[in-house]
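A quick write-up on the structure given underneath.
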Amino acid sequence: MTHVSVTIDDGHLGALDGVVQGLRARGMQVEQVLDGLGIITGSVSPGAAGELARVAGVVSVDEQLTYRLPPPDAAVQ
């Protein structure tokens, strides 16, 4: 699964439930709805993030990047 953050436009903040339903209908597993920010986080199958952008009110779909530092005793340190 690919973790994504979906940004909603200001005009759809009042209809956030409908946007969430649209994202779920396109396969997104919604984890968190940050209504004050207009951001919805969750996960979707690899390659399916483009489908989420077709939901009315979606401004952008961004893959969440993760970083892992090597352990303190690693040679890189």
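The values are calculated or read from the model by the stated rules, or taken from the named source; none is laboratory data. Everything quoted here is computed from the prediction, not taken from an experiment. Neighbour counts run over all protein chains shown; Cβ positions are idealised from the backbone, glycine included.
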Report summary line: Log entry, pairs with first residue in segment 7-29 being of a type in the set (D, E, K, R) and modelled with pLDDT of 90 or more, second being part of a helix (DSSP H, G or I) and surrounded by 13 or more Cβ atoms within 10 Å (Cβ to Cβ), beta carbons closer than 7 Å, six or more apart or on different chains, reads Arg26/Glu51; Arg26/Leu52
Requested in this report: Taking only segment 40-61 into account, find how many residues are among the hydrophobic types (A, V, I, L, M, F, W, C) and assigned to a strand (DSSP E or B).
Outcome: 5
Report summary line: Residues of segment 1-33 being within 18 Å of Leu65 (Cβ to Cβ), surrounded by fewer than 13 Cβ atoms within 10 Å (Cβ to Cβ) and not acidic (Asp, Glu), in sequence order, are Met1, Gln32
**Report entry** Test set (1) touching a residue at least 24 places away in the same chain (Cβ under 8 Å); (2) assigned to a loop (DSSP other than H, G, I, E, B) - Pro71 fails condition number
**Finding:** (1)
